[in-house]
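A.B. asks: Handing you a structure now.
Computed from the coordinates by the stated procedures, all read-outs in this text should not be read as laboratory data. The shown structure was predicted, so the numbers you read here are calculated from the model rather than taken from an experiment. A quick note on method: Cβ atoms are made from the backbone with ideal geometry, for glycine too, and the neighbour counts reach across all protein chains shown.
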Amino acid sequence: MKRIVSGLLIATALMGSAVQPAAARDHHHHDNTGRAIAGGLAAGVVGGLIGGAIVNSGPRYVDGPRYYDAGPPPPRCWYEDRDVRNRYDGGYHTETVRVCD
């Protein structure tokens, strides 16, 4: 049903845009105040709202909760340079170590 309605809306919009320039071309006595553009824009907005309401008026089926439980945030981690004891000669060397909270 949604495909039929949306197809009809698209076909109506295309036909309206194809027919309108031919009719507007024959009208020579106009004052260029923009009334035609404002009227067309208003009609398009109203038609879009009505079409959207029709398409979205069907039943909605929701399984489970309507919210998303993300759980706890991941731990904050960063890299630090730390002095690490050397196994072979008892000295220290610097390594980049990943540290997390």
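A.B. asks: Please give, to one decimal in nm, the separation of the simple spin-label points placed at Asn86 and Ala42, each 7 Å out from Cα toward the Cβ.
C.D. replies: Roughly 8.5 nm, to one decimal.
A.B. asks: So, in nm, how far is label Met1 from label Asp101 when the simple model puts each one 7 Å beyond its Cα toward the Cβ?
C.D. replies: Once both label points are built, they end up 5.0 nm from each other.
A.B. asks: On to the next question. Considering only the other residues whose Cβ falls under 9 Å of the Cβ of Tyr92, what net charge follows from Lys and Arg at +1 and Asp and Glu at -1?
C.D. replies: 0
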